[in-house]
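Written out below as structure tokens is the structure these notes cover.
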Amino acid sequence: MDQRRTGSRKIHSAEGEVPARLRCTPPAAAELYEIAVLDTTGGDGEARWHTIGWGVDLGEADSIAESYVTRTLCPYDEARIRRNGHLVGVHRRPA
């Protein structure tokens, strides 16, 4: 889905009549890397996986996942990275 910058249907640029469109939908989910963390803080004693975000490439997903297991306040025990349902990376809290 494209969204115009203004309410006008005809947008003019300095170079001429070029439609200015912005992409407002994310890339297809198959192209994104899902980052999920293992939450062991639940009161019922069960560990649960929660999706905390998405990365547009493996480098970004790795960085996000690592930051959640190494942060100083309440680090998670484990973070997993999946793409298209396939596990492509795991980060664990340092011992």
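Summary of values
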| item | result |
| --- | --- |
| Gained length - V88 relative to E31, 0.36 nm times residue gap less alpha-carbon distance | 19.2 nm |
| Net charge dipole size for the stretch 27-92 [Lys, Arg +1 and Asp, Glu -1 on Cβ; Debye, nearest 20] | 60 debye |
| Extension gain from T51 to T72, taking 0.36 nm per residue of separation minus the Cα-Cα distance | 5.5 nm |
| Stretchable slack from L58 to D44, in nm (0.36 nm times residue separation minus alpha-carbon distance) | 1.7 nm |
| Mean Cα-pair separation over length for the stretch 27-92, i.e. relative contact order, pairs under 8 Å, 6 or more apart, % | 35 percent |
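A short reminder: the numbers here are calculations on the coordinates, not readings from a lab. Nothing here was measured: the structure is a model prediction, and the numbers come from that model. Note: ideal-geometry Cβ built from the backbone for every residue, glycine included; neighbour counts use all protein chains shown.
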